[in-house]
Amino acid sequence: MTKRWRVAGINFSHMHMGDLLRNVHDHPDADIVGICDEETDAMRPAMEALSIPDSCVFTDYQACMETAQPDLVILCPPTGEHALWVDQIAPYGTDVLIEKPFADSLTNADRMIAAIEKTDKQLIINWPARWDRSHYTTWRLISEGLIGQILEVHHYGGNRGPLHHGADKVEFEPTTEQKRNSWWYHSESGGGSLRDYLGYGVTLGTWFNGGQKPIEVTSVASSTPGLEVDEHSITVARYENGLSKFETRWGTFTDPWIHQPQPKCGFVVRGTEGTIASYDYESTVRVQTRQRPEGFDYPVKELPAGEQNGIEYSLTRLSQSLPIEGPLSPAVARLGQQIIESAILSIQEKRTVPLQDN
């Protein structure tokens with residue numbers, strides 16, 4: 001008999017909670033058994049959109065955990081509270097999926113890993129770009145050896161800004177005051193475009209390059225007057241075989257899921273035998289090889305059955321008692337966190353720094 005997964009969503013600070021709960025709602029073997037946030041109004045859009053009954057709504061996480069007894073907990077707190085929330089949920093013995101980025105520091109990423117390692121459960125870090133068919137296709141082609149050993153990964157990632165859209169990409173036009181009042185724009189909470197998007201670039205980049213570690217990192221960032229955090233950053237990582245570049249931007253001209261801005265959001269990967277350009281949401285990737293240096297468009301591959309999104313993938317792996325792999329795994333995401341930590345230090349000290357570790 002197929003297991004029915006009991007899933008709870010706790011802390012709605014990140015707008016992706018609504019999207020993840022919709023994925024649970026649409027999954028044939030999963031039920032939303034509880035949602036929780038200190039502010040009921042934060043949960044109301046999900047309650048209405050997914051017809052979640054009042055009996056499944058909580059404002060105290062302990063009551064939620066004890067009453068709902070979930071198998072999997074989705075966490076979407078501010079980045080600066082990721083470790084706190086994993087610490088609080090881990091003792092209940094559930095698998096935990098936390099929305100990207102991994103953490104606000106390498107120390108706290110290791111704290112999260114340690115908290116889950118005390119149980120027999122898994123920690124899953126959801127990077128939505130993993131479910132973009134173009135990036136999945138790029139990884140498949142790299143894995144098949146099409147472009148040889150990876151030498152460089154270049155990423156440009158961003159959007160108009162985190163307050164311009166909510167769950168299901170409903171659009172808003174935030175004021176400067178709303179920005180100042182949001183955790184996204186406070187450094188203590190883990191805000192800023194670098195923390196929001198550099199993780200995408202370096203975590204998927206690590207997936208593409210087979211786990212290579214950079215030797216050193218150089219980063220610069222630009223802030224808008226009156227705001228605490230950056231809205232634009234450029235990071236260069238030096239590897240044994242070359243340089244890779246990762247750029248983050250809040251304030252792109254358009255959101256890439258509606259109209260690709262310029263520069264286009266996505267990846268360009270260079271290997272010893274060719275290149276792949278993989279842009280967000282596109283139906284083809286652009287490939288060059290030694291046999292076809294003029295380049296050609298390669299149709300994207302469909303995601304495997306049971307791996308259409310973070311919820312499907314996680315429940316598929318957990319149902320088969322298989323480890324979480326790729327960008328969602330703590331091992332790959334931790335290396336991404338090391339690069340982020342190094343970039344932040346580089347900005348603070350205005351110099352190139354070696355790859356950081358605890």
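The values are calculated or read from the model by the stated rules, or taken from the named source; none is laboratory data. These figures come from a predicted structure and were not determined experimentally. Cβ sites come from the backbone with ideal geometry, for glycine too, and all protein chains shown count toward neighbours. Note: areas computed on protein heavy atoms with side chains; ligands, DNA, RNA excluded. Shrake-Rupley method; radii C 1.70, N 1.55, O 1.52, S 1.80 Å.
Quick check: at a probe of 1.4 Å, how many percent of the accessible area of segment 64-209 sits on carbon and sulfur atoms?
Whole-percent figure for carbon plus sulfur exposure: 46.
How would segment 7-102 be classified by its alpha-carbon gyration tensor: rounded, prolate or oblate, with rounded meaning a/c under 1.5 and the a/b versus b/c comparison settling the rest?
On the way: a/c = 1.32, a/b = 1.22, b/c = 1.08.
Rounded, since a/c falls under 1.5.
Starting from 0 in steps of 10 Å, tell me what percent of the Cα-Cα pairs of the chain lands in each bin.
For the chain, the pair-distance distribution reads 5, 25, 34, 26, 9, 1, 0.
Expressed as a whole number of Å, what is the distance separating the alpha-carbon centroids of segment 199-213 and segment 1-15?
Centre-to-centre (Cα) distance: 27 Å.
If a cysteine in the chain has no other Cys Cβ under 4.7 Å from its own Cβ, put it on the list, ordered by number.
Cysteines lacking a close Cβ partner in the chain: C56, C76, C265.
Helix-only mean residue ellipticity at 222 nm, the chain, DSSP H runs n ≥ 4 weighted -39,500 (n - 2.57), per residue, nearest 500. What is it?
After summing the helix terms and dividing by residue count, I get -9000 deg cm²/dmol.
Read phi for every residue in segment 289-301 and hand back ³J(HN,Hα) as whole Hz from Karplus 6.51 cos²θ - 1.76 cosθ + 1.60, θ = phi - 60°, with x for Gly and Pro.
Here the 3J(HN,Hα) series is 9, 5, 6, 9, x, 6, x, 7, 8, 10, x, 5, 8 Hz.
Length gain on complete extension for the stretch D54 to W257, per 0.36 nm per residue less the alpha carbon to alpha carbon distance?
69.8 nm
Going through segment 319-358, which GluC sites (Glu not before Pro) have at most 13 other Cβ atoms within 10 Å and a DSSP loop state? Each step should come with its number before you reach the end.
On the way: sites: E325, E341, E349; in loops: E325.
Passing sites in segment 319-358 are E325.
So what J values fall out for segment 31-41 if you push phi through Karplus, 6.51 cos²θ - 1.76 cosθ + 1.60 with θ = phi - 60°, rounded to Hz, Gly and Pro as x?
Using θ = phi - 60°, the values come out as 10, 7, 9, x, 10, 8, 7, 4, 9, 4, 4 Hz.
Against the longest alpha carbon principal axis of the chain, how many degrees, from 0 to 90 and to the nearest 10, is the axis of helix 106-117 turned?
In the chain, helix 106-117 runs at an angle near 50 degrees to the longest axis.
Between the helical axis of 133-143 and the dominant principal axis of the chain, each derived from Cα atoms, what acute angle in degrees is found, rounded to the nearest 10?
The helix 133-143 is inclined about 60 degrees to the chain.
Output the 0 to 90 degree angle, nearest 10, between the alpha-carbon long axis of helix 330-349 and the longest principal axis computed from the alpha carbons of the chain.
So the helix axis and the longest Cα principal axis differ by about 70 degrees.
What is the packing order of peptides 29-38, 77-86, 61-70, taking the mean over residues of other C-beta atoms within 10 Å and listing the highest first?
77-86, 29-38, 61-70
Once amide H atoms are placed 1.01 Å from N in the peptide plane, what residues at a sequence separation of 5 or more from G190, or on another chain, have their amide H within under 5 Å of its amide H?
G80
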